[in-house]
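J.: Dropping the structure in here first, questions after.
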Amino acid sequence: MTKEKLFEIIKNDQLFWSYNVGCAEDISDDLLIEHILIYSDVDVIKALFSVYDHQRIRLVWEQRIITDNRYKRLNVYLGRIFFNIEEIGAFIHEKNAAHSRYDKLKRLDT
């Protein structure tokens, strides 16, 4: 599987309805990974792991999705199934504490 084929699959599912994209080069790899993790089904997520390195996908998940409280259940699912994290609750709590909104605002004040 290639990035282009993966993009065509999710483009047909209209995951990029709010973006003006015509081909895979129009979006970043991180945005593609993020959208697939959030909005796609298991088969497409499995295909994602055949295109991108496991560490790259996990990095995008940790930086862009795990700190978003709208995806609590999704994060538990992804952490347990795709990233083999046993203590997923503690892991999510740790990541959220490290990236809390309060801490970000506090750093802006200094």
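The values are calculated or read from the model by the stated rules, or taken from the named source; none is laboratory data. Every value quoted in this text rests on a predicted model; they were computed, and no experiment measured them. Note: ideal-geometry Cβ built from the backbone for every residue, glycine included; neighbour counts use all protein chains shown.
J.: Test E25 against the criterion of being modelled with pLDDT under 80 and assigned to a helix (DSSP H, G or I), and give yes or no.
T.: Criteria met by E25.
J.: Would you confirm, using the coordinates I've provided, whether Y52 is at pLDDT 95 or above, among the hydroxyl-bearing types (S, T, Y) and closer than 29 Å to A90 by Cβ?
T.: yes
J.: Assess whether D30 counts as being under 18 Å from F7 (Cβ atoms), modelled with pLDDT of 90 or more and exposed (fewer than 12 other Cβ atoms within 10 Å of the Cβ).
T.: Spelling it out, it is not the case that D30 is under 18 Å from F7 (Cβ atoms), modelled with pLDDT of 90 or more and exposed (fewer than 12 other Cβ atoms within 10 Å of the Cβ).
J.: Just one of the numbered conditions (1) modelled with pLDDT of 95 or more; (2) loosely packed, with under 15 Cβ neighbours inside 10 Å is not true of N12; which one?
T.: Of the numbered conditions (1) modelled with pLDDT of 95 or more; (2) loosely packed, with under 15 Cβ neighbours inside 10 Å, the odd one out for N12 is (1).
J.: While we're here: Condition first: in a helix (DSSP H, G or I) and either within 14 Å of Y39 (Cβ to Cβ) or among the hydrophobic types (A, V, I, L, M, F, W, C) (or both). Now tell me which residues in region 76-85 satisfy that.
T.: Once the filter is applied, which keeps residues that are in a helix (DSSP H, G or I) and either within 14 Å of Y39 (Cβ to Cβ) or among the hydrophobic types (A, V, I, L, M, F, W, C) (or both), region 76-85 yields V76, Y77, L78, I81.
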